[in-house]
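First the structure, in the form of structure tokens, and then the observations on it.
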Amino acid sequence: MNFHLTDNSKQKRSRKSKQNTSHFSFVGFFKIIVIAVLIFLVLNARITLMSKTTILSKNINQIQSRIQTFNRDIAHLRVEKETLCGWKHIKQKIRQFNLALQVPDPYQVRHLGVRVNLPRRAPRNEQGMLVSQR
Amino acid sequence: MITHDNITIRIKLVFFLVGIVLFSLVFRLYHVQITRHPELLAKAKLKYTAVASKTGERGKIYDFNGNLLVGNAPCVTIVADPQIVGDNAKCREVADYFAEKLALPSEVLYKRLSKKTRVVPTKTGGRKLVKNLYAPIEQMVDYELSKQIKKDIETRGFKGITFRDKTKRYYPKNELLANILGFTNIDRDQAIAVVGVEKLFNNRFCPTRAKTRYERGRDGLPLIYGNRTEKEAKDGLNVYLTIQESIQVILEEELDKLMAKWSPKAAYAIMAEPYTGNILAIAQRPTYNPNDRSTMKASAWRNRITEDVFEPGSTMKPIAIAGALDYGVVTPRTRFNCEKGRWIYAKRLLRDSHPMENLTVSEIIQKSSNIGTAKISLLLGEERLYQVLCRFGFGQKTGIALKPETVGIFHPLKRWDSLSITRFPMGQGIAASPLQLVRSYCALANGGNLVKLRLVDRLENPTTGSLVKVPLEPAPRVFFRSSTHKQIIDMMKLVTRQGGTALQAAIPGYDVAGKTGTSQKVVNGTYSHAKFFASFIGFVPVENPAFVLLVTADEPQKNYYGGTVAGPAFKSIAEKTLRLMNVKPTFTVANK
């Protein structure tokens, strides 16, 4: 048979301190939970933002890649256009379609306005700058 | 008996152990995050930082009006990874497909694709076997064709094939102006200029290279929010020539007709504006297509117009006679006895093509008398003749932006012999390039100013849009009398009129001033009687010349006279160009 010697006053004191401690633990635990939840929310928000940024970044890369493809298509078409504008090609088409084209006599030509020979791309900024300024 | 103290001790022990673990973790965290931070950050940066280099575009070449003559066309290099392509059967299938599409030998492609390993030297001097990850299939594949191939590859499910974007130099007008433009070769993805404008302006055309450091994700793609240091690659400068494409086309077409009719070894034609020295068109035959090097010969891409010389023959006469007029030694009406076509001077016989007697200076030019010209030169004297020829630019470079350029063969005065004074004025014993001849005639046409020939008009910076115009340089005077210009051009007009040597160069409605030249070629140190240069050079309209035009044929067959071979070509080119420039006729044919 075991005897548990108890001290009532001690028990009373420990019961009180236990009550205080449990009240204290509950408040502390609640605070920790709140902080943890806040941290969790912040982290979650950041992760979501980062995830969206990553998706956006991928989209940007895809669009940049498409832009590069378009630029190459444009460069290719420009070169093709110049080839088609060449006299060799035009002459071939004249022959192919049997177009009865003739060079006019000077007296058959009348110019209605002032004839200005502009370069195809008008110079944007013509000045005597040093070529080495690049 | 379990006491309260025992429980407390156990709790404390557990807390202590947990505390030790936590403390170790904190310590570890501190060590990793703080102490080793620089080292680990550097390692991480190495892993997620990439460097990409980008090169700008090579500068382009345009004609005066902005028509593209040389540009950059996109193309594709196709490579394969033998590890991913598949087994031998798959390699065979892929090789057969590309062989058919790109006209390549199937066996060669199969060998490359099926080679799964390769031998590499080790640092210790031995050898080891590694995986072969690279098999080239074809370079510079046409852009449109590469798109088709991409679609086919996706459909057929070929794996391990990579397409690398490249650009190649492209000449959209093919043979047009080929000898002047030149061409480039490719060496390790870099364009190496070989000849022509491409080579001369290579420094201007070369783009700059720039490196971009960026942070990349796991997939290798750049992170938009990451750190990025970027320098911009700049494109090369664009060059605008003085050439006008439409006139160039006319010139080249007529030159082709001349080649077909007279079958010369070579032919040249140059058209220049006499007041500015701008070269409007310049061509030579034979030529080549820089887009197709497979049939190219070295003789075709050599720039004969700047490198070769020829004896100008009678085209030299107006220059010497203009000098005599300018010094007041003769007038247009001064008469000379042309000895019925045979004259001995300094113990050597000098002949005319036809026997002629007394001729005026005007008639000497019109009928191209060698004896008459020689006698005029004797009156002028060696010293003054030498000065005249120097003033007209012989023995000097023309200033055109092409290299190498010959200065011709024109001996200094102290090396002249007793015959030089009679031979040089008729274009014998002196050699000039076609450009020098054109330049001297520009001086005759524009009233006596020796302009520098210009091929490049302006340079453009495509990044900033700024233009740099190549300035016109002051032209030294070759005439000092005000009457000389009118006198000489009035004489030269007679060449294309009845009684002249170049009736076939006459253009209805216009006054053409010019001179024929038929010069013997020097073969093994002596003048040949079978090989000639046939030339005609002139300008039109005489009063306000739109251009100076030279046409020369080297060793024409069936006929060798300048008036017969080069004259008609001159007429065709000049007529079409005058219409293009809308230069109205000076008179109607009925009024003449």
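Quick look at the values:
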{"item": "Qualifying residue in region A:81-88 (condition: more than 7 Å from chain B (Cβ to nearest Cβ), surrounded by 10 or more Cβ atoms within 10 Å (Cβ to Cβ), under 30 Å from B:VAL468 (Cβ atoms) and modelled with pLDDT of 75 or more)", "result": "yes"}
{"item": "Answer residue from region B:309-328, given it is not hydrophobic (A, V, I, L, M, F, W, C) and not in a helix (DSSP H, G or I) and is surrounded by the fewest Cβ atoms within 10 Å (Cβ to Cβ) among those", "result": "B:GLY328"}
{"item": "Some residue of region B:112-130 being in a loop (DSSP other than H, G, I, E, B), touching a Gly at 6+ places or on another chain (Cβ under 8 Å) and more than 26 Å from B:ASP189 (Cα to Cα)", "result": "no"}
{"item": "Every residue from region B:131-152 that is assigned to a helix (DSSP H, G or I) and among the hydrophobic types (A, V, I, L, M, F, W, C)", "result": "B:LEU145, B:ILE149"}
{"item": "Filtered residue count, region B:40-69, keeping only those that are of a type outside the set (D, E, K, R) and not in a strand (DSSP E or B)", "result": "12"}
{"item": "Count - residues of region B:450-476 that are free of Cβ contacts under 8 Å to residues at least 40 places away in the same chain and more than 14 Å from chain A (Cβ to nearest Cβ)", "result": "1"}
{"item": "Sole exception among (1) within 14 Å of chain A (Cβ to nearest Cβ); (2) outside any helix (DSSP H, G or I) for B:VAL79, by number", "result": "(1)"}
{"item": "Neighbours by Cβ (under 6 Å, 6+ apart or cross-chain): first from region B:146-170, among the small types (Gly, Ala, Ser); second assigned to a strand (DSSP E or B)", "result": "B:SER146/B:VAL76; B:GLY160/B:ALA80"}
{"item": "Qualifying residue in region B:196-211 (condition: in contact (Cβ under 8 Å) with a residue 12 or more places away in the chain, buried (at least 17 other Cβ atoms within 10 Å of the Cβ), touching a helix residue (DSSP H, G or I) at 6+ places or on another chain (Cβ under 8 Å) and within 11 Å of chain A (Cβ to nearest Cβ))", "result": "no"}
{"item": "B:LYS515 being part of a helix (DSSP H, G or I) and within 22 Å of B:ALA322 (Cα to Cα)", "result": "no"}
{"item": "Test: residue in region B:143-158 that is within 14 Å of chain A (Cβ to nearest Cβ), among the hydrophobic types (A, V, I, L, M, F, W, C) and touching a strand residue (DSSP E or B) at 6+ places or on another chain (Cβ under 6 Å)", "result": "no"}
{"item": "When residues of region B:509-543 are limited to those that are among the small types (Gly, Ala, Ser) and free of Cβ contacts under 8 Å to residues at least 12 places away in the same chain, the one farthest from B:THR496 (Cα to Cα)", "result": "B:GLY525"}
{"item": "Meets criteria (on the phi < 0 side of the Ramachandran plot, assigned to a strand (DSSP E or B) and either small (Gly, Ala, Ser) or modelled with pLDDT of 95 or more (or both)) for B:ALA569", "result": "no"}
{"item": "Cβ-Cβ under 8 Å pairs, at least 6 apart or on other chains, region B:396-419 side touching a residue at least 60 places away in the same chain (Cβ under 8 Å), far side buried (at least 16 other Cβ atoms within 10 Å of the Cβ) and aromatic (Phe, Trp, Tyr)", "result": "B:ALA401/B:PHE201; B:GLY408/B:PHE394; B:LEU419/B:TYR345"}
{"item": "Check on B:LYS367, closer than 30 Å to B:LYS60 by Cβ and not aliphatic (A, V, I, L, M)", "result": "no"}
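Okay, residues lined up against (1) more than 10 Å from every other protein chain (Cβ to nearest Cβ); (2) under 19 Å from the mean Cα position of the chain (by Cα); (3) farther than 24 Å from B:THR306 by Cβ; (4) of a type in the set (Lys, Arg):
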{"residue": "B:GLY217", "(1), (2), (3), (4)": "no, no, yes, no"}
{"residue": "B:LYS231", "(1), (2), (3), (4)": "yes, no, yes, yes"}
{"residue": "B:SER246", "(1), (2), (3), (4)": "no, yes, no, no"}
{"residue": "B:GLU273", "(1), (2), (3), (4)": "yes, no, no, no"}
{"residue": "B:GLY277", "(1), (2), (3), (4)": "yes, yes, no, no"}
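The values are calculated or read from the model by the stated rules, or taken from the named source; none is laboratory data. In this text the structure is predicted, and so the values were computed from the model without any measurement. Here Cβ is always computed from backbone atoms with ideal geometry, including for glycine, and neighbour counts include all displayed protein chains.
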